[in-house]
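Student: What follows is a structure written as structure tokens; I'll ask about it next.
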Amino acid sequence: MTRPRGEMASPVAAEWARSRSTADTTTASPPATALVLADPAPHLSLALEESGTAVTRWHRFLSPGQICTPWPPSGPFDEVWVRMPRSSLEATMLLHAAAARVPDGAPVHLFGAGDEGIRSAAKHFPAGTGEVHPALIKRHCRVLVAARQTPPPHEDGLDSWQIRVPINWGTGPRDWTFYPGVFAHGRLDAATTLLIDTLPPVPAGARVLDFGAGTGPLAAAALERAGDGAEVVLLDPDAISLAAAARNVPAGNLVLARDFTGISGPFDLIVSNPPIHAGRAQSLRTVEALVGSAPQALAPGGELVMVAQRRLRVGDLLDRSFKSVGATADRGPFRVWTAGGPRMRRRNPAEPLRSNRTR
Ligand SMILES: C[S@@+](CC[C@H](N)C(=O)[O-])C[C@H]1O[C@@H](n2cnc3c(N)ncnc32)[C@H](O)[C@@H]1O
């Protein structure tokens, strides 16, 4: 079976790291320290460690064994490696951060797969790095390298990548903070807007969880229509999204997490526009985990209100966990689902699903 190309990026970078240390006779010893940014896979870091380099790993997304903060640790490091991220702007931002963490003359690497845009990625290196060379091209992946010559032009720090854009969900424009790589950068998503339009009233003193909060529009809209003393918890595994949410929803409680572990319920309302991708591939794993755990996290009478594309079999998933499931709004390709009343009995997998949908 052929693996998705992106999965080969870290093994190819590891191959280059190993081969340069055996082939390069001009370098007396391997770099003492390296910073690896945004690589979810272990191959490169293990290869560097095998050659005696102390590796610091940073990722904006919560990942085992990695520092997860809004901005990488300052170092300095002897060399730096960046895994090609999803967006060009994020690649530019991470390469700036990378180049700010090594001394002049040190190598800055960018590695990734062809279908992630690595072939045309040399343009993302900041001014102040020298000519970009492909160090290794293999299995549809590339390792690009350039030497830092002078400090990069942008001031070092997440805030120099902030944009503030007015967004409006019908109650007036408000300035919204975005950083590169967050969901719906620079705009309000159509599915999010539909869910906001159909949000139920939030009673005084209610506790609300925004699962997969991103920059925080659902949490902010819930707070806007909440009675006194309502509390909103924003959960997301992306430290940079939560940094934006901290600015957009200052009254919210931020939780860096990818599931309900460590979250203290119960909640009167859980709202979500959940992710339906893992990497580039469509995946309902997080939706399944949300729907499976939400009943235990809800207070008696509490509801899960979520939005998803209509073509996805979300209704069937909800039916397995909740007694009452309704499609409460449709617009374009999106549907809002409202579910409440946990099912107490475990369903026999041989039993056909029964629907209690109100529509
Ligand atoms: C479709 S976006 C919605 C963001 C925001 N609620 C909005 O409407 O603009 C999904 C969000 O889920 C987050 N996410 C990804 N994996 C997650 C997980 N396992 N648990 C919770 N959130 C996750 C992503 O970082 C992203 O911010």
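Student: Give segment 200-212 a look and list any residue that's assigned to a loop (DSSP other than H, G, I, E, B) and either more than 10 Å from the ligand (Cβ to nearest atom) or over 27 Å from the mean Cα position of the chain (by Cα) (or both), or say none. Can you show your working first?
Tutor: As a first pass, look at segment 200-212 and keep what is assigned to a loop (DSSP other than H, G, I, E, B): 200-201, 203-206, 212.
Matches in segment 200-212: P200, P201, P203, A204, G205, A206.
Student: A226 - would you say it is over 19 Å from R187 (Cβ atoms) and within 15 Å of the ligand (Cβ to nearest atom)? Steps first, answer last, please.
Tutor: On the way: over 19 Å from R187 (Cβ atoms): yes; within 15 Å of the ligand (Cβ to nearest atom): no.
No, not satisfied.
Student: While we're here: Suppose the filter is assigned to a loop (DSSP other than H, G, I, E, B), within 13 Å of the ligand (Cβ to nearest atom) and assigned by TED's automatic domain parsing to the domain that holds G265; does G186 pass it? First the steps, then the outcome.
Tutor: Details: assigned to a loop (DSSP other than H, G, I, E, B): yes; within 13 Å of the ligand (Cβ to nearest atom): yes; assigned by TED's automatic domain parsing to the domain that holds G265: yes.
Against the criterion (assigned to a loop (DSSP other than H, G, I, E, B), within 13 Å of the ligand (Cβ to nearest atom) and assigned by TED's automatic domain parsing to the domain that holds G265), G186 qualifies.
Student: List pairs: first in segment 130-151 and in the same structural domain as E116 (by TED's automatic domain parsing), second charged (D, E, K, R) and modelled with pLDDT under 95, Cβ under 6 Å, 6+ apart or cross-chain?
Tutor: Filtered contacts from segment 130-151: H140/R5.
Student: Here is a follow-up. Run down T177, T215 and say which single residue is of a type outside the set (F, W, Y), within 15 Å of the ligand (Cβ to nearest atom), farther than 24 Å from F267 by Cβ and modelled with pLDDT of 95 or more.
Tutor: Numbers: T215 fails: farther than 24 Å from F267 by Cβ.
Criteria check complete, one pass: T177.
Student: Please give the strands (runs of 3 or more DSSP E) falling wholly within segment 242-339 in which 1 or more residues are within 16 Å of the ligand (Cβ to nearest atom) and surrounded by fewer than 17 Cβ atoms within 10 Å (Cβ to Cβ).
Tutor: On the way: elements: 253-256, 267-272, 298-309, 322-331.
Passing ranges, in order: 253-256, 298-309, 322-331.
Student: Does D197 qualify as being over 29 Å from W16 (Cα atoms), among the charged types (D, E, K, R) and either out of contact with any Asp or Glu (no Cβ under 7 Å at 6 or more places or on another chain) or within 10 Å of the ligand (Cβ to nearest atom) (or both)?
Tutor: Judged against the criteria, D197 is a match.
Student: Exactly one of these conditions fails for V233: (1) out of contact with any helix residue (DSSP H, G or I) (no Cβ under 7 Å at 6 or more places or on another chain); (2) part of a helix (DSSP H, G or I). Give me its number.
Tutor: Status for V233: all satisfied but (2).
The values are calculated or read from the model by the stated rules, or taken from the named source; none is laboratory data. Quantities reported herein were computed from a predicted structural model and do not represent experimental measurements. Reconstructed Cβ throughout: ideal geometry from the backbone, glycine too, with neighbour counts over all protein chains shown.
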